[in-house]
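Take a look at the structure below.
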Amino acid sequence: MAGGLQVERRSIDPIPEGERHGSPRSLFTLWFAGNMQITSAVTGALTVLVGPHPLWALVAIAMGNAVGGVPMALHAAQGPKLGIPQMVQSRAQFGVYGAVLPLVLVVLMYLGYFASGNVLGGQALSAITSLPVDLSIVLYAGLSATMAIVGYQLIHRFGWLASTVSVVMFVYLTFRLVTTQDLGPVLANAELDVPAFLLALSLTASWQLTFGPYVADTSRYLPSNTSLRATFWWTYGGTVLGASWAMSFGALAYAVAGKAFKGHEVAYVVGLGGDALVLPLLLAISLGKLTINVLNIYGGYMTVATTMSAFTRKVGLSPAARIGYIALVGVLGGVIAVLGRGDFLSNFVLFLHFLLYFLTPWSAVNLVDFYLLRKEKYDLEAMYDPDGAYGRWCAPALIAYFVGFAVQVPFSNVDGVFTGPLVRYLGGADIAWIIGLLVPGVLYWAAMRKRTREPLPTA
């Protein structure tokens with residue numbers, strides 16, 4: 001696969017050393033482009049929408065991405081070492097059947113992000129072509145699915161193009177926002193509202209944490225001797241810089257525009273460029289959104305395939321089955337986008353909260369297992385065998401996972417939906433995601449550290 005562009009043959013099976021190639025530097029451009037796009041800007045707008053002063057929202061964006069990017073990039077470093085999709089690797093913690101439980105939630109995550117990408121990408125495509133928005137959403141979903149079918153190489157190569165386009169676009173739009181809008185009054189009198197600040201912090205951290213279930217999928221073709229440190233830092237730099245920039249732009253845009261931005265995200269962004277640049281900016285938004293949209297459908301199909309293969313015991317997929325899984329995720333994501341586009345921002349904020357509460361315990365268990373307990377050594381064949389070294393279910397991992405979710409409930413604050421009983425003692429602050437990272441990680445480590453059965457090192 002190191003030569004010309006080819007349709008990817010691999011699915012959820014391990015990547016042989018002879019097919020490994022590339023440099024961890026490619027992860028910087030891929031994740032920079034994946035974050036420098038319109039959904040990141042919308043997430044930045046949410047940090048102002050939930051209540052903090054715009055200046056403190058910018059601080060929350062920087063801190064949330066810096067903190068959330070650490071576990072995200074730690075997951076990325078697992079890819080070259082094992083050469084398998086992230087969620088297959090989670091069978092080593094939860095068991096081959098037990099891993100299906102978090103897998104179902106991850107499938108919902110992919111569908112939600114893919115649908116949100118179709119909404120915003122469809123808006124841009126509709127403005128370019130004058131086609132109805134719903135039809136544009138369907139076409140955008142179809143294009144994303146087609147790229148996912150080609151697979152890994154196209155995704156990385158397209159990341160270079162999208163990264164360049166995104167940088168040019170956001171440099172120009174940031175310049176226009178700063179020079180055409182009076183930001184002084186918006187940033188003045190910055191009083192700190194701690195609960196609102198922590199809520200904004202949780203939103204930006206969740207953006208990074210939810211990449212965890214599939215970030216290793218984009219690094220698994222790298223040679224197995226690739227440095228963990230290099231993989232970590234190239235991924236971390238790309239994802240944190242890209243997201244912080246785009247989110248800061250979105251926060252300032254919403255602080256200035258308010259209702260003019262909400263519900264008309266693409267139109268407002270394009271309007272900053274002036275009439276002469278409407279088409280180029282629409283194309284840039286459409287291309288920039290496509291990178292992460294393809295990653296979402298790519299990861300979604302592998303997660304569905306991983307779920308099904310736990311019971312079929314198949315290691316790989318036929319080309320027809322691979323296309324079928326991708327088509328299934330594409331159709332579902334397109335339908336959800338069409339049905340849910342009416343109140344996009346409100347739906348998206350609820351979606352991010354939902355993901356954060358369920359995925360942080362999974363991330364904690366996975367990282368503790370890889371870095372502290374098994375220390376990067378796994379039996380790959382056992383990942384695909386319910387009767388192998390990892391078994392069908394792992395009770396300590398499942399207990400730690402569900403306890404990790406349960407302990408978040410009293411500290412959760414989802415505005416208008418649910419407020420945990422301990423939130424009022426914290427002034428309304430939501431710190432559930434911090435509890436959800438620490439508690440399950442400690443529980444799993446305590447339960448598993450004395451187990452003597454160790455899997456064989458990866459060849």
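Restricting the calculation to Cα positions, tell me the Rg (one decimal) and the Dmax (whole number) of the stretch 109-265 in Å.
Rg, Dmax (Cα atoms, Å): 18.4, 53.
Taking every pair of Cα atoms in the stretch 1-146, average 1/r, invert it to obtain the Kirkwood radius, and report Rg/Rh to two decimals.
A ratio of 1.01.
Tell me the relative contact order for the chain as a rounded percent, counting alpha carbon contacts under 8 Å between residues six or more apart.
After rounding, I find 31 percent.
Within the chain, how many lysine pairs that are 8 or more places apart, or on different chains, have C-alpha atoms less than 28 Å apart?
The result is 10.
Could you give log10 I(q)/I(0) at q = 0.06, 0.07, 0.14 Å⁻¹ for the chain, computed by the Debye formula over C-alpha point scatterers of equal weight, without solvent?
For the chain at q = 0.06, 0.07, 0.14 Å⁻¹, log10 I(q)/I(0) is -0.24, -0.33, -1.35.
Just check the stretch 69-174 against the gyration tensor rule for me: Cα atoms, a ≥ b ≥ c as the square roots of the eigenvalues, rounded for a/c under 1.5, and otherwise prolate or oblate depending on whether a/b exceeds b/c.
Prolate, because a/c is 1.5 or more and a/b exceeds b/c.
Can you give the FRET efficiency to the nearest 0.05 for Trp393 and Ala321, using r as the Cβ-Cβ distance and R₀ = 30 Å?
Computed FRET efficiency for Trp393 and Ala321: 0.70.
Please work out how much accessible surface Phe354 shows to a 1.4 Å probe, ignoring ligands, DNA and RNA, in Å² rounded to 10.
About 70 Å², rounded to the nearest 10.
Tell me which of Thr226, Leu438, Val414 sits at the most positive position along the dipole axis of the chain, charges placed on C-beta atoms (Lys, Arg +1; Asp, Glu -1).
Thr226
Taking a 1.4 Å probe, which of Glu191, Glu17, Glu376 shows the most accessible area, and what order do the others take after it?
So, going from the largest accessible area down, we get Glu191, Glu17, Glu376.
Just the number, please: carbon plus sulfur as a percent of the accessible area of the chain, 1.4 Å probe, no ligands or DNA/RNA counted.
68
At 1.4 Å probe size, what's the solvent-accessible area of Ile285? Round to the nearest 10 Å².
Estimated to the nearest 10 Å², Ile285 gives 0 Å².
What does the C-alpha gyration tensor say about the overall shape of the stretch 182-257? Classify as rounded when a/c is under 1.5, otherwise prolate if a/b is larger than b/c, or oblate.
prolate
Within the chain, which complete DSSP H helices have Cα atoms spanning at least 30 Å along the helix axis and a mean Kyte-Doolittle hydropathy of -1.0 or higher?
Result, helices passing both filters: 54-76, 100-129, 152-180, 228-257, 278-312, 319-340, 344-367.
Compute log10 of I(q)/I(0) for the stretch 106-150 with the Debye formula, placing one identical point scatterer on every Cα and leaving out solvent, at q = 0.20 Å⁻¹, to two decimals.
-0.60
The values are calculated or read from the model by the stated rules, or taken from the named source; none is laboratory data. Since the structure is predicted, the reported quantities are computational estimates derived from the model, not experimental observations. Note that each Cβ is placed from the backbone with ideal geometry, even for glycine, and that neighbours are counted across all protein chains shown. Accessible surface areas use protein heavy atoms only, side chains included; no ligands, DNA or RNA. Shrake-Rupley method; radii C 1.70, N 1.55, O 1.52, S 1.80 Å.
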